[in-house]
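A.B. asks: Take this structure first; my questions come after.
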Amino acid sequence: MAKDFYIDSENFKYGLEALSDTTKARAGSARVMKNCIITDRGGIAPRLGTTLLGAENTSAFGIKGIYTFRKSFGTNEVMVKCYDDEMEAYSKNHAGAGWFKVKDGYTQNSEHGFVTSLVNVDNQDYLISCNRFEPYQRWRGEVTQLNGAVSAAATTVTVDSNLASDIFESKTATANSATTLTVAGTPWATNQWVGFYVHITGTGKIRRITSNTSSVITFNTLGGSPGNVAFEVRQLAFPFAKRSATTIAFVDSNPDTITDSGNGFLTAGFKAGDRIIISGAAQAANNGTFNIVTVTAGTITLEAEIALTAETAGATVTIVLASMSITYAGITIPYTDVDLATTFTVGSAHAGADNVAVTVTPELYPQNPRGNRLGNFLNRIVVGNVRSAMARDAGGAQQGFASAGSYFVSKLNNPVDFRFAATRVAGEGDIVSTPYGGGDITDIVPQEDVAYIFKKNYIESVKYSQDANDLAVREPLKAEVGSINRVIKGADDLYFMTTDKRLTSIGRVAARDIKPQTENIGLVLKRLLDTYGVDEFVGIEHEHRVYFSVKSTTTTAKNDITLVYNKLSESFEGIWDIGSGGFTRLNNLLYYGESNGANIYQMLTGKADVVGVTRYPIVSKYATHFMNLTASKANIQALNSLYFEGYIKGGTTITFKAWKDFSDEPFLQFNFEGTETSFLDGAELSASMGTESLALRPLGTISDPDPEGRRHFKFRVYFPFQYMNFFSVGHESSGADLDFEITRYGFMVKEDVSMNQLKVKSI
Amino acid sequence: MSLNFITIPTKRLGANITAASTSFKLSDILGWDGVALTAADFGTQAFAVFRNDSNTVMEIMEFDPATIASTNITITRRGLKFNSDTITTEVTNNKLTWIKNETLVEIGTNTPQMYQWLKNYIDGVAIAGAAEASTTVKGIVEQATQAETNAGTETGATGAKLFVSPNILLSNLGSFITIETIAGLTHSLTTTAGQRVIVWAKGDLHIGGSGSATITLQYNSVTKDTQSIDVAYAHRQAFSLMYTETPGAGTQNITVSAGDRVVIIVMKIGI
């Protein structure tokens, strides 16, 4: 008796399974899924390709940190990557500049952590990062490009623009002076534009606005009346604040202050939280780099730990922001003025070619905790895996501290200040020890209204009481369960790998769960995961898939494969030949950083892995589990026909294979080529019954191209009876720009009385 | 160049390479013992075999073992020939594109180039590295020429000890010993440097009565041997003289001072 058995799209959605005995796995689940993807209609297709971002980097060092910085304003996004001792960036809006250096000199091959601080006490957006070894840093992420080549020793660096892109006002003056512009009507609120810049569009001059009335803006002097010119109100993208005067004195008052009888600090642009460099003071101890706690027109108050030497006014003291440096062509140089919207005034420039990227230099905060697990929890930066930090001892005195099992919390809305008074008050920084589970903190991830603190064998949640006490409210969540490395933050769940190789989610697993629960979503791959090295587990959730990269063996040096979990079908789509040191998104597109190189690739890009003009092939393999044909009674079963259905584009070759009884060698193997010459609309493919013996060639039909340019095919191939107990079917492909999708496998099964005595056990 | 023979677990290619690439990355560089390989495991020259997972294509490369611990291992030659007639010949068509993870990399395999290298090594070391023969050490020797044999040269042009081949030895033996026989009291003897001579002279003496006499054998007027004889009346008394020496190159007379039926026999040894 012959009968047909089909595996179709719904069955393919079971995806890769590696737990049950192969003969007991669900029909349609796969034992091999290499570089495959389950399509949106449930078929099996090769994974999509990758494309190198920017120029190829031949460094031997792998990516040790990748992040995309998206600011509150504007449309730009800046991707940052770390490798070797370098931090480089790629700006979406300056793609022509390619990758450019932000900073170097970090401890080689150290892992960097990142978090964004948007809108804080500085009203500025920062990328906060640290690698455990060098100081905690913040970076504004501003990028422009050289406008014309810069010669060595030049004193002006000309760029496309040093202004932010937004234009807040665009007016023409009705009256003017060297420090004011007046407009018609009363369009403004008083001091609405303080801290912004006026941009004289004709001359390109920019000046900081120090005050405004309803119709007059006042700014730092232009040196002469500009006339009734057209002007804009803009923001300076690059940091600038400078005060140089003989009216500046230093007061040893604990906390120490710097005073200016000329009351020029605010008009110069200084703000609380700024890191400043002082030079020119008569007392050597007063020259250095300090953090501003508060600032008024006449007084800058420094951190309590700073010990200035009392000094009366008289010397020409210069105070500038520590961040007033730009980096281009790989070299950093300080700037002293921004006279025009397109220039930086420098002491002596280094050479740079036209269109080279120019970026602001990160600011360093040596006293802040040096950890590389960073989270932003309700405008507080939480730092874990801290190698060293400053902390208060039992007596309240500041001292050095080292505890990778504690997490450090910044002041509310201030990402660079982790201090707290001897008697901590609300809003200050904090240090929380987690003497549970042992080991370092492996990640910190905010989710819902808490931040989760992960160690290898411990998870707790923390949030701050929204009251006058502002205390950390901690809840141990899981004991003896934790994350071996970084955690993937998904839309609804967190995903992490445990030390015993359980790919686990944490979330509200069931609607009745009051408390988040963990679930081993990787259970179906347990036997596979057990063979992997997971100590450098990294991943990302993108659209409805979770991608995570691990090592294919426990001895593999670096992550070399990526597994794909489909949240919709709750199954694994396969194992991709992508070794990632980290994932990120730029412009909502998915990227990964090489684990064994310094390159970043866009994922899901096409049908080949593209590096420059080279299109590397993608090798795709799929095989179902062995299905058990063992019949009841004394029957034996056989296959004599297979049926295939799917979509294919011209120039694509698929190799179909069928296996029996656990053999690695297929008993049937043939190619199906979607060459254009084989496309005979509505007709047989290349042979017909009557002209060719059965089994010599596949028979089938193929359709007109669909909107995606593919043609639907279906064909059946016959072959001599293959008696077996267990059979498996699959396909392989190898090449660039191959395009196909398998949507159905069919089997013609014949059941017959067993005549094979070897398969009957006598008792 | 040195090359060590080591077995290493199969590796996977860590990053795609094109036919023009000059370096490659591996999934790991661990040996069977789980310890990272070092340049010393390979020597100064090493070969790798790249093949796809289905064993349908392969490429042999030479790589620089000094870079084994680097993420990028430097390739020194691509597309080496599939036979072993040379180690260094690159074949353009043998240079292929290789796909990460899909590609198996054998860096401890027995490539034809390794065998050729071994042959070249043995060929080279058999002469260059072998000891020279001496009276106490077995080793290499050099065949002596006729002239060297004739001259008694000890060491050949290669610096090795000389040995005499049978044919040269045989050809020399005939002229190595020469014998000159002369009847009479005088023989003009010509010798070459180094030749040794054995000189005999025999005869008898009749005085004409009884008495005694002394017979001398001289070379170049230098007495080499004497014999005193007493002769009874009317009798003859036989005498025999002899000497050996290495006279050096020259031509001088050998003389017997008196006698009848004197025969001088000279055996010259040497050429």
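A.B. asks: Within the range A:707-727, does at least one residue satisfy the condition of being under 52 Å from the mean Cα position of the chain (by Cα), among the β-branched types (Val, Ile, Thr) and modelled with pLDDT under 80?
C.D. replies: For the range A:707-727, residues under 52 Å from the mean Cα position of the chain (by Cα), among the β-branched types (Val, Ile, Thr) and modelled with pLDDT under 80: absent.
A.B. asks: Check residue B:75 against each of (1) in contact with a Leu (Cβ under 9 Å, 6 or more places away or on another chain); (2) at pLDDT 95 or above and name the one condition it does not meet.
C.D. replies: (1)
For every residue, the table says whether it meets (1) modelled with pLDDT of 90 or more; (2) among the aromatic types (Phe, Trp, Tyr).
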{"residue": "A:455", "(1), (2)": "yes, no"}
{"residue": "A:467", "(1), (2)": "no, no"}
{"residue": "A:470", "(1), (2)": "yes, no"}
{"residue": "A:483", "(1), (2)": "yes, no"}
{"residue": "A:487", "(1), (2)": "yes, no"}
{"residue": "A:492", "(1), (2)": "no, no"}
{"residue": "A:496", "(1), (2)": "yes, yes"}
{"residue": "A:505", "(1), (2)": "no, no"}
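A.B. asks: Kindly indicate which of A:528, A:477 is surrounded by fewer than 22 Cβ atoms within 10 Å (Cβ to Cβ), of a type in the set (A, V, I, L, M, F, W, C), out of contact with any Leu (no Cβ under 9 Å at 6 or more places or on another chain) and outside any loop (DSSP other than H, G, I, E, B).
C.D. replies: It is A:477.
A.B. asks: Counting only residues that are within 13 Å of another protein chain (Cβ to nearest Cβ) and in contact with a helix residue (DSSP H, G or I) (Cβ under 8 Å, 6 or more places away or on another chain), give me the strands (runs of 3 or more DSSP E) lying completely in the range B:30-149 with at least 2 of them.
C.D. replies: It comes to B:73-77.
A.B. asks: On to the next question. What number goes with the only condition from (1) surrounded by 15 or more Cβ atoms within 10 Å (Cβ to Cβ); (2) in contact with a helix residue (DSSP H, G or I) (Cβ under 9 Å, 6 or more places away or on another chain) that residue A:176 does not pass?
C.D. replies: The failed condition is (2).
A.B. asks: Right, another one. Any residue at all in the range A:354-375 that is in contact with a helix residue (DSSP H, G or I) (Cβ under 6 Å, 6 or more places away or on another chain), in a strand (DSSP E or B) and buried (at least 21 other Cβ atoms within 10 Å of the Cβ)?
C.D. replies: yes
A.B. asks: Looking for whichever is at pLDDT below 85 and closer than 21 Å to residue A:132 by Cα here; the options are A:395, A:429, A:400. Which one fits?
C.D. replies: Result: A:400 is the single residue among A:395, A:429, A:400 that is at pLDDT below 85 and closer than 21 Å to residue A:132 by Cα.
A.B. asks: Right, next: Take the conditions part of a loop (DSSP other than H, G, I, E, B), touching a helix residue (DSSP H, G or I) at 6+ places or on another chain (Cβ under 7 Å) and more than 14 Å from every other protein chain (Cβ to nearest Cβ) and apply them to residue A:31. Does it pass?
C.D. replies: It is false that residue A:31 is part of a loop (DSSP other than H, G, I, E, B), touching a helix residue (DSSP H, G or I) at 6+ places or on another chain (Cβ under 7 Å) and more than 14 Å from every other protein chain (Cβ to nearest Cβ).
A.B. asks: Residues that are among the aliphatic types (A, V, I, L, M) and more than 35 Å from the chain's Cα centre (by Cα): find the strands (runs of 3 or more DSSP E) completely inside the range A:102-201 holding 2 or more of those.
C.D. replies: Strands (runs of 3 or more DSSP E) meeting the threshold: A:197-200.
A.B. asks: Also, quick follow-up: For the range A:37-48, state whether one or more residues are touching a residue at least 40 places away in the same chain (Cβ under 8 Å) and closer than 26 Å to residue A:138 by Cα.
C.D. replies: Checking the range A:37-48: not a single residue is touching a residue at least 40 places away in the same chain (Cβ under 8 Å) and closer than 26 Å to residue A:138 by Cα.
A.B. asks: Separate question: When you scan the range A:511-556, how many residues do you find that are of a type outside the set (S, T, N, Q) and within 14 Å of another protein chain (Cβ to nearest Cβ)?
C.D. replies: So the answer is 6.
A.B. asks: Determine which single condition residue A:286 fails, assuming it passes every other condition in (1) crowded, with 21+ Cβ neighbours inside 10 Å; (2) within 24 Å of residue A:198 (Cα to Cα).
C.D. replies: Answer for residue A:286: the failing condition is (2).
A.B. asks: Just for the range A:597-612: of the residues that are part of a loop (DSSP other than H, G, I, E, B) and of a type outside the set (Gly, Ala, Ser), which one is farthest from residue A:740 (Cα to Cα)?
C.D. replies: Here the answer is A:599.
A.B. asks: Within the range A:217-250, which residues are more than 22 Å from residue A:270 (Cα to Cα) and surrounded by 19 or more Cβ atoms within 10 Å (Cβ to Cβ)?
C.D. replies: Of everything in the range A:217-250, those that are more than 22 Å from residue A:270 (Cα to Cα) and surrounded by 19 or more Cβ atoms within 10 Å (Cβ to Cβ) turn out to be A:226, A:231, A:232.
A.B. asks: Let me ask something additional. Hey, among B:107, B:29, which residue is surrounded by 17 or more Cβ atoms within 10 Å (Cβ to Cβ), free of Cβ contacts under 8 Å to residues at least 60 places away in the same chain and of a type in the set (A, V, I, L, M)?
C.D. replies: From the options B:107, B:29, the qualifying one is B:29.
The values are calculated or read from the model by the stated rules, or taken from the named source; none is laboratory data. Every value quoted in this text rests on a predicted model; they were computed, and no experiment measured them. Here the Cβ is made from the backbone with ideal geometry for all residues, glycine too, and neighbour counts use every protein chain on show.
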